[in-house]
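The values are calculated or read from the model by the stated rules, or taken from the named source; none is laboratory data. Given the structure is predicted, the values throughout are model-derived calculations rather than measurements. Ideal geometry is used to build each Cβ from the backbone, glycine not excepted, and the neighbour counts take in all protein chains shown. Heads up: the accessible areas ignore ligands, DNA and RNA and are worked out on the full protein's heavy atoms, side chains in. Shrake-Rupley method; radii C 1.70, N 1.55, O 1.52, S 1.80 Å.
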Amino acid sequence: MLDLLITNASLPDGRTGMSVAVQNGRITEVAPGLSAPAAETVDAAGYLLSPPFCDPHFHMDACLSYGLPRVNESGTLLEGIAVWGELKPTLKAEAIIERALTYCDWAVAKGLLAIRSHVDTSDASLLAVDALLEVKKRVATYIDLQLVAFPQDGVLRTPGGVENLKRALDKGVDIVGGIPHFERTMAEGAASVKLLCEIAAERGKPVDMHCDETDDPMSRHIETLAFETQRLGLQGRVNGSHCTSMHSMDNYYVSKLLPLIAESGVSIVANPLINITLQGRHDTYPKRRGMTRVPELMAAGVNVAFGHDCAMDPWYGMGSGDMLEVAHMGLHVAQMTSQAGIQACFDAVTTRAAQVMHLQGYGLEPGCDASFLLLQARDAGEAIRLRANRLKVWRTGRLLASTAEVKTSLVVDGRPAQVSFLHPGIREP
Ligand code: FE2
C-alpha cells in the first residue's frame, strides 16, 4: 500500500491528469491516472504540483531586522551596508536565531524548502555564524539550509578578514563567499577573487560570490571568477551572484564575456527584487534596471537562477519568502514574457535554483524525494501571475503546511459570483 497518492495533478512541464505515488518518503511512480490503495489520496483537481521552491541567494542573518537601528533612507547598497554596520555591534545571537526561525516558518508556508544563505564573517566574534549554524541544525528536518561564508566588509579590506572567513569554514559553513566590488580597488577585488577561489580549491568547497553588484560597467570581477574557476578546476562548483554591472557593460565586451562564463561552468544568480530596487540609484533619467542579462546568459548556455536576497532588512523593506514574487519581478525586469521566458522564470526559482545548490533527490521523477507543493494555479505561468496560493506543502511525504483554497464571494449588480482569478478558459475571439 502506498503512503500517499496525488491524482489529477498538472505538472510544470505541461502534463495534465498526472498521478504521483509516494512510499517511504520517495516518489515511486509518476503516470497518468494511477489508482492504487494508499494511506492518503489527494485529488489535485487539476491544480499544479510543483517541486519545492529553492532560494539560491539569501541573507538570513539580517532578515526581519528592518528599521534596526534605522531605515536605509537613500535605498542604496552602500547605505544598507552602513546600516548593517551600525546594527552589527548590538546583535544578539538569540535574536538572530528567533528572526531566522520566523522567516523559515514563512518559507515553509510559501513552499520554499531549500535556502542558500550568506552569513557575515567580517566580525571576529563570528556571532552570526554561530547563530545560523544553530538555525541550520534546528530547521534540518524541514529546510535544506546552506551557508556561505560572506565577508560583507571585504575579505581584504577588513583586518583579519581572511582568518575570520577561514574560521567560519572550520566551524562548518559550507561555501566560500566574497564581495570583490567592495574591496578598495579593482586590483584588490581581483586579488580577493583569486585568494577565495584558492581557499575553496584547497578545502574542496564550492564558491558563491557576490560579484559586481554595481552599476559600474568597468566592474569585471565575473571575468576573474570565470578565469579562476577554470585555472583551479572548480567547474560546476562556482556561482556568481548579482552580476548587475553586466547590465551596463559595453555590448562588444559582453559578447566575449558570455562564452567565457559558459565555458567555465559558472552559474549566475540574479536577485530581481533587490536589483531593481538598489541599482540605478545614481541615475537621473533614464534609470537603468540594473539586473544582469538573464535571457542572454541563458541563451549562452549558462544556468541562471533567481534569489530572494533580502527580506525586511537594511537593504530591502519588503519580502515574505515568496519565490513566485521573485519570479514575477524577474519576468518583468528581464522582459521574459514569451512562453519559453515565463517557463524559464518558473524554473529559475525551482529546477535551475536546485541545480545551483546541487540539491540531491530534487524533482518530480521516480526516485526523487516526495517533496512538492500543490499550487492554486493550473500551470507555471498562472502560478507566477497569481503568486499562487500554496494549498499544500509536503516534504519527504510529510505534510508541512496547508492553506485553504482562496475564493472570494461577491455580489455585483444583484448577481452573486465567485472569483478565483484562474484563467477562465474562454477560447472565442
Ligand atoms: Fe546578496
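Couple of notes before you dig in:
- Hey, R395 in contact with a helix residue (DSSP H, G or I) (Cβ under 9 Å, 6 or more places away or on another chain) and more than 19 Å from S10 (Cβ to Cβ) or not: yes
- Test: residue in the range 421-428 that is closer than 30 Å to G177 by Cβ and of a type in the set (V, I, T): no
- Checked against the criterion of being among the basic types (K, R), farther than 24 Å from T403 by Cα and at pLDDT 95 or above, the candidates R352, R378 yield just one match: R352.
- Any hit, the range 32-41, residues being in contact (Cβ under 8 Å) with a residue 60 or more places away in the chain and surrounded by 14 or more Cβ atoms within 10 Å (Cβ to Cβ): no
- Qualifying residues in the range 257-274 (those that are more than 16 Å from the ligand (Cβ to nearest atom) and under 20 Å from T214 (Cα atoms)) - the one surrounded by the most Cβ atoms within 10 Å (Cβ to Cβ): V266
- Any hit, the range 352-373, residues being within 16 Å of the ligand (Cβ to nearest atom), out of contact with any Phe, Trp or Tyr (no Cβ under 9 Å at 6 or more places or on another chain) and not β-branched (V, I, T): yes
- Counting the residues of the range 301-310 that are within 16 Å of the ligand (Cβ to nearest atom) and in a loop (DSSP other than H, G, I, E, B) gives 3.
- Pairs with Cβ under 6 Å, 6+ apart, first in the range 97-114 and farther than 19 Å from L374 by Cβ, second assigned to a helix (DSSP H, G or I) and open to solvent by 50 Å² or more (accessible area, probe 1.4 Å): I97/E134
Yes or no, residue by residue, for (1) away from the ligand (no atom under 16 Å from the Cβ); (2) more than 24 Å from the chain's Cα centre (by Cα); (3) buried (at least 17 other Cβ atoms within 10 Å of the Cβ); (4) within 19 Å of K171 (Cα to Cα):
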| residue | (1), (2), (3), (4) |
| --- | --- |
| L196 | no, no, yes, yes |
| A201 | yes, yes, yes, yes |
| V207 | no, no, yes, yes |
| D212 | no, no, yes, no |
| H221 | no, no, yes, no |
| A226 | yes, no, yes, no |
| Q230 | yes, yes, no, no |
| G233 | yes, yes, no, no |
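- Meets criteria (among the charged types (D, E, K, R) and either under 18 Å from C368 (Cβ atoms) or in contact with a Cys (Cβ under 8 Å, 6 or more places away or on another chain) (or both)) for R26: yes
- Any hit, the range 64-71, residues being within 16 Å of the ligand (Cβ to nearest atom) and open to solvent by less than 20 Å² (accessible area, probe 1.4 Å): yes
- Which numbered condition S402 fails, given (1) over 16 Å from A44 (Cβ atoms); (2) among the hydroxyl-bearing types (S, T, Y); (3) open to solvent by 40 Å² or more (accessible area, probe 1.4 Å): (1)
- Residue match in the range 87-94 (condition: within 19 Å of G319 (Cβ to Cβ) and out of contact with any Cys (no Cβ under 8 Å at 6 or more places or on another chain)): yes
- Restricting attention to the range 131-151 and to residues that are open to solvent by less than 10 Å² (accessible area, probe 1.4 Å) and assigned to a loop (DSSP other than H, G, I, E, B), the residue that is nearest to L400 (Cα to Cα) turns out to be I143.
- Any hit, the range 113-120, residues being under 23 Å from W394 (Cα atoms) and more than 15 Å from the chain's Cα centre (by Cα): no
- Contacts under 7 angstrom Cβ, first residue in the range 212-235 being farther than 12 Å from M246 by Cβ, partner at pLDDT below 95 and open to solvent by less than 10 Å² (accessible area, probe 1.4 Å), 6 or more apart: none
- Residue satisfying all of: in the range 311-338; over 24 Å from N389 (Cβ atoms) and within 15 Å of the ligand (Cβ to nearest atom); surrounded by the fewest Cβ atoms within 10 Å (Cβ to Cβ) among these: W315
- Residues that are free of Cβ contacts under 8 Å to residues at least 60 places away in the same chain number at least 1 in the following strands (runs of 3 or more DSSP E) confined to the range 313-414: 398-402, 408-412.
- Within the range 277-300, if we keep just the residues that are more than 16 Å from the ligand (Cβ to nearest atom), open to solvent by less than 60 Å² (accessible area, probe 1.4 Å) and of a type in the set (G, A, S), the residue that is modelled with the lowest pLDDT turns out to be G280.
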